[in-house]
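Everything below concerns the one structure shown next.
The values are calculated or read from the model by the stated rules, or taken from the named source; none is laboratory data. Not measured: the values here are computed from a predicted model. Note that each Cβ is placed from the backbone with ideal geometry, even for glycine, and that neighbours are counted across all protein chains shown.
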């Protein structure tokens, strides 16, 4: 009888150890990466739905129009990522990325050579082998997509890229 109890306890311990070990595998990280990719796709989808919305200084909604930071803030907020509606405040969020590592939904900041702060913020729409497209609200055209490699104006003023999605998403998953 004692042997049956010992064997049962031993089997129970082995099962618990096996389950604990399987919980420690990297599956959650893979799921998080899939969720980040999906989140970035959702951000791009919403952003493209806003193409041709007119520019409006201090604009924060599709009904009234957008300025640059109002556009990025609106799109991210609708996807559960809180960023302020001012480019200088947005600059303080996220993690700086090299431009070649920019991903869909990352914020890209522009400044003039003699300036100390950005004058414009846009969102990475696409990065295929370094060919970067941005989506943003411009004073002349409203919400549009521009190819950085084909725009001497925007390309010459690229300053910083910030990933606000990965940080915000991982902070929420740790709560």
Notebook entry, point to check: Restricting the range 96-148 to residues that are on the phi > 0 side of the Ramachandran plot and over 14 Å from the mean Cα position of the chain (by Cα), which is surrounded by the most Cβ atoms within 10 Å (Cβ to Cβ)?
Noted result: 142
Item checked: Check on residue 13, at pLDDT below 95 and surrounded by fewer than 17 Cβ atoms within 10 Å (Cβ to Cβ) -> yes
